[in-house]
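Undergrad: One structure is given below, represented as structure tokens, and several questions about it will come after.
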Amino acid sequence: MEANGLGPQGFPELKNDTFLRAAWGEETDYTPVWCMRQAGRYLPEFRETRAAQDFFSTCRSPEACCELTLQPLRRFPLDAAIIFSDILVVPQALGMEVTMVPGKGPSFPEPLREEQDLERLRDPAVVASELGYVFQAITLTRQRLAGRVPLIGFAGAPWTLMTYMVEGGGSSTMAQAKRWLYQRPQASHQLLRILTDALVPYLVGQVVAGAQIIFAKDGHFALEELSQAGYEVVGLDWTVAPKKARECVGKTVTLQGNLDPCALYASEEEIGQLVKQMLDDFGPQRYIANLGHGLYPDMDPEHVGAFVDAVHKHSRLLRQN
């Protein structure tokens, strides 16, 4: 501990490290909790901040990203912040145009259609320098958090990004991207390699900028492989039974999840019951509470608060018993 209250990297000293200790498998007094998409449209103050700006312009403004990241922490006693950004800043940095279409989501006017389209992509080595604004947002947010809680960074996996770049937007079947895998295996490998070469320095840059941990998401079909891949934390979506997941991964990995986000439409009392059941199933240690996916825009902030409070309350009771 430095005398001036700054940690070793010059960031404010961390006051609440419950989330990090749970990730490392250390004992905690209560179960830490945060929500995927906690900086989002369900908050009226988020909608106000975002209203004036195009989505990706917001992503490129460190000041705006910092404000949106901090908003949920002003309302709820969350145990972690997650930087406001988007996975599609990486294809943008590779030279592809992406627009956010209201009511539809992200759209690529010129998706990858042929193998030669890969020649349009920039050298992945430049991606980290193109995304300096994300690093600035992370550093600014770490400073403004003043050590309240850790800050999470993130990036989309190569396959996720490839599906957007080939499909031209979100897809439930990913048929065009899978067609590439079968019809153009070499080009697919080349594209996934470009993305991997872009993502590695990008994630390392996030850590250097001050982000403190990374998750693998939606990997329930490969839980055993994930638990052996060197991750400290494996996030679960809501389709996985906690006890089964624990059997799969063993006792050396921290699990995160996995309440069905739609459970937040239930009454506050019922949310409490569902949280209690989830905590009982996961057990008190090596566990971080979360939803099994992101918050939806029409969710009531009061119910998000009820979820966070229920985790803190029931997890303390669990440890007393």
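Undergrad: Using the Cα centre as the reference, give the magnitude of the dipole from point charges on the C-beta atoms of the chain (Lys, Arg: +1; Asp, Glu: -1; all else neutral), rounded to the nearest 20 debye.
TA: Around 200 debye, computed over the chain.
Undergrad: As a test, work out the antiparallel percent of DSSP beta bridges whose residues both lie in the chain, rounded to the nearest 5.
TA: Details: 5 of 17 bridges.
Within the chain, antiparallel bridges account for around 30 percent of the total.
Undergrad: Using a 1.4 angstrom probe, figure out how much accessible area the chain has per residue, in square angstrom, rounded to the nearest whole. Working shown, then result.
TA: Numbers: 15180 Å² over 321 residues.
I get 47 Å² per residue for the chain.
Undergrad: With a point put 7 Å past each Cα toward its Cβ, work out how far residue 193 is from residue 317 in nm, to one decimal.
TA: The answer from the label model is 5.6 nm.
Undergrad: Further question on the same structure: Which percent of the accessible heavy-atom area of the chain goes to carbon and sulfur, probe 1.4 angstrom?
TA: For the chain, the apolar C and S fraction of the accessible surface comes to 51 percent.
Undergrad: Using only the alpha carbons, work out the radius of gyration and Dmax of region 38-145 in angstrom.
TA: 15.6, 50
Undergrad: Label residue 26 and residue 41 with points 7 Å out from Cα along Cα→Cβ: what is the distance between them in nm?
TA: Inter-label distance under the simple model: 4.0 nm.
Undergrad: Just how large is the dipole of region 63-212 about the Cα centre, in debye to the nearest 20, putting +1 at every Lys and Arg Cβ and -1 at every Asp and Glu Cβ?
TA: Around 480 debye, computed over region 63-212.
Undergrad: Need one number: convex hull volume per residue for region 67-115, Cα atoms only, in Å³.
TA: 121
Undergrad: What does the highest-first list of 86-95, 199-208 look like by mean Cβ count within 10 Å?
TA: Final packing ranking: 86-95, 199-208.
Undergrad: Indicate the helices, whole DSSP H runs only, in the chain that combine a mean Kyte-Doolittle hydropathy of -0.5 or more with a Cα extent along their long axis of 27 angstrom or more.
TA: TM-like helix candidates: 185-209, 301-320.
Undergrad: For an R0 of 22 angstrom, estimate the FRET efficiency from the Cβ-Cβ distance between residue 126 and residue 99 and round to the nearest 0.05.
TA: 0.50
Undergrad: Tell me whether region 146-262 comes out rounded, prolate or oblate; compute the Cα gyration tensor, take square roots of the eigenvalues as a ≥ b ≥ c, and use a/c under 1.5 as the rounded threshold.
TA: oblate
Undergrad: Taking N as the number of residues in the chain, what is its Cα Rg relative to 2.2 N^0.38 Å?
TA: 1.01
Undergrad: Tell me the relative contact order for region 1-155 as a rounded percent, counting alpha carbon contacts under 8 Å between residues six or more apart.
TA: Relative contact order of region 1-155: 31 percent.
Undergrad: What is the sum of charges around residue 179, taking Lys and Arg as +1, Asp and Glu as -1, for the other residues whose C-beta is under 13 Å from the C-beta of residue 179? Walk me through the numbers before you get to the answer.
TA: Details: positive: 113, 178, 184; negative: 114, 115, 167.
Around residue 179, the charge tally is 0.
Undergrad: Oh, and also: For residue 298, project a label point 7 Å along Cα to C-beta. Then give me every residue of region 250-279 with its amide nitrogen under 17 Å of that point.
TA: Counting only backbone N, you get 261-267.
Undergrad: With only alpha-carbon atoms counted, please give the Rg and Dmax of region 92-172, in Å.
TA: Spelled out, the Cα radius of gyration and Dmax of region 92-172 are 15.7, 48 Å.
The values are calculated or read from the model by the stated rules, or taken from the named source; none is laboratory data. All figures in this text were calculated on a predicted structure; none of them were measured in a lab. Reconstructed Cβ throughout: ideal geometry from the backbone, glycine too, with neighbour counts over all protein chains shown. Areas reflect the complete protein model, heavy atoms only, side chains present, ligands, DNA and RNA absent. Shrake-Rupley method; radii C 1.70, N 1.55, O 1.52, S 1.80 Å.
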